[in-house]
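The values are calculated or read from the model by the stated rules, or taken from the named source; none is laboratory data. Given the structure is predicted, the values throughout are model-derived calculations rather than measurements. So basically every Cβ, Gly included, is an ideal-geometry build from the backbone, and we count neighbours across all protein chains shown. Heavy atoms of the whole protein, side chains included, go into the accessibility calculation; ligands, DNA and RNA do not. Shrake-Rupley method; radii C 1.70, N 1.55, O 1.52, S 1.80 Å.
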Amino acid sequence: MIDYAKIKSSVSMRDALARYGVDIARGDVAVCPFHREKTPSMKIYSDGFYCFGCGTGGDVIKFVAKFFGISN
């Protein structure tokens, strides 16, 4: 059984984004990898993210699943 709570507590949102090549700009924003854009619209929080451009949001688990096209 996978302990998702343990994963979420040990992997920060910043570390996950950096691991998959998403650069975080000043103000904790990034260019969203889930839709085409040129300016950052994805806000990074300590425990998750939300993109104001496409409406995608969630925690570390949801980010990685969406990044690799894995459905929940």
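List of remarks:
- Top-ranked residue of the stretch 1-45 - restricted to ones that are open to solvent by 70 Å² or more (accessible area, probe 1.4 Å) and among the polar types (S, T, N, Q), ranked as farthest from residue 70 (Cα to Cα): 39
- Residues in the stretch 54-72 that are buried (at least 16 other Cβ atoms within 10 Å of the Cβ), without any contact (Cβ under 8 Å) to a residue 40 or more places away in the chain and assigned to a loop (DSSP other than H, G, I, E, B): 56 only.
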